[in-house]
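Notes to accompany the following structure.
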Amino acid sequence: MVFLLIFISVLPVILLAIYIYNKDISKESKTLLLGLFSSGILAIIFSTIINILILLLLPDYYLTDNYEDFNFISLFLILFFEVAFVEEISKWVMLRIFGYRSKKFDQMYDIIVYSVFIALGFALVENLLYVLQEGITVGIYRAIFSVPGHACFGVFMGYYLGLARYYYKKNKTLYIINIIYSIFIPVMLHTIFNFCLINTNFYFWILFILFIVILYTLSIKKINEFSHIKEPLE
């Protein structure tokens, strides 16, 4: 049974990693990708430490399971700052250190590959923790939604960091704007994802499905856009 749960947890991560890797015209070093994947695992440790510090410093405001105690605005803000921002900024820091500064980052699609591999490393640990505790049903749900969700957040993060790199010497204003987008957009998408799930109202489930369809569609579009650019970055 444990083997089956581990298999369900790991399979979507492997499939998404293969998909992203195969879309790359000029394949990245497997050693580099393994390092980036490992930094995603480091990111979840980093985000956990931040959450512990928040718990110690602001115990009365820390997010609990009693979501009904919050109104929509308060819940959205809590999910934005205490969940999505903490997780995505942890991945972003790893991407800036180990991906963006890599000498092998010489094409636009590279940074999407780096970002998604970090996101998948993060998702793998999170997935194992949830699935081993909650069981097969949660594993199937997370394979369809949560793991691809993390990958999509990574696509957007990499997409805007790629644009930032492109504009670095050409337009400082657009460089700064895209740096901000590379953090803000994934955090906002992550927040909407969680917000729709937490609200048990039927209409939020409809909204969640629509959001997922749009998220997956736009992510694939951005992957196709960058993966077809063959020109090297300056």
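None of the figures in this text is laboratory data; all of them are computed from the coordinates on show. Note that the structure is predicted; figures quoted are calculated from it, not measured. For neighbour counting, all protein chains shown are included, and Cβ atoms are generated from backbone atoms with ideal geometry for every residue, glycine included.
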Margin query: Once each part is reduced to its C-alpha centroid, what is the distance from the range 100-151 to the range 201-234 in angstrom?
Written below: 15 Å
Check: Cα atoms only, the chain: Rg and Dmax in Å?
Finding: 17.7, 55
Notebook entry, point to check: How far is it, in nm, from the label point at T31 to the one at I14 when both lie 7 Å from their Cα along the line to the Cβ?
Noted result: 2.5 nm
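Would you please report the Å³ per residue occupied by the convex hull of the alpha carbon atoms in the range 143-234?
Convex hull of Cα atoms, per residue: 90 Å³.
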